[in-house]
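Some notes on the structure that comes next.
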Amino acid sequence: MTIDFGELGIRRSSAQIKSLYTKEELLGKQIVGVLNFTRKQIANFFSEVLTTGFYLPNGDVVLLHPERRVPNGVKLG
């Protein structure tokens, strides 16, 4: 995923979410991410953000997101 964190910049994340989300569903969706996460190489891809979510019993991940729109890049309090 490519995620816009406002003034903090655009970051890329590798997340195993294809089973529950289509690309179209994710466009414009806000998520909760951890930016002070060490960059991690996965094959030839560098993940710069830890994308947060909940694991279902079958291993699928439901993304964590704000219930209302907030400015991109706002800090979690």
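Largest GNM mean-square fluctuation across 63, 35, 26, computed for the chain with C-alpha springs under 10 Å, falls on 26.
Once both labels are positioned 7 Å from their Cα atoms along Cα-to-Cβ, the gap between residue 2 and residue 32 label points is 2.7 nm.
Only the Cβ atoms of Lys and Arg (+1) and of Asp and Glu (-1) were treated as charged; on that basis the dipole of the chain about its Cα centre amounts to roughly 140 debye. A Gaussian network model of the chain, with springs between Cα atoms under 10 Å, assigns the largest mean-square fluctuation among 31, 42, 17 to 42. Annotation note: trypsin sites (Lys or Arg not before Pro) in the stretch 35-77 located in DSSP loop regions with a Cβ neighbour count of at most 12 within 10 Å are 39, 68, 69, 75. List the GluC sites (Glu not before Pro) within the chain that DSSP assigns to loop and that have no more than 15 neighbouring Cβ atoms inside 10 Å. In loop regions of the chain (DSSP not H, G, I, E or B), the sparsely surrounded GluC sites (Glu not before Pro) are 67. How high is the relative contact order of the stretch 2-63, given as a whole-number percent (alpha carbon pairs under 8 Å, six or more residues apart)? 33 percent. Largest GNM mean-square fluctuation among 64, 27, 56, using the chain with Cα springs under 10 Å: 56. Label sites at residue 39 and residue 19, each approximated as a point 7 angstrom past Cα along Cα to Cβ, lie 3.1 nm apart.
None of the figures in this text is laboratory data; all of them are computed from the coordinates on show. Quick caveat: nothing in here was measured; it's all calculated off a predicted structure. All Cβ positions, even for glycine, are placed from backbone atoms using ideal geometry, and neighbour counts span all protein chains on display.
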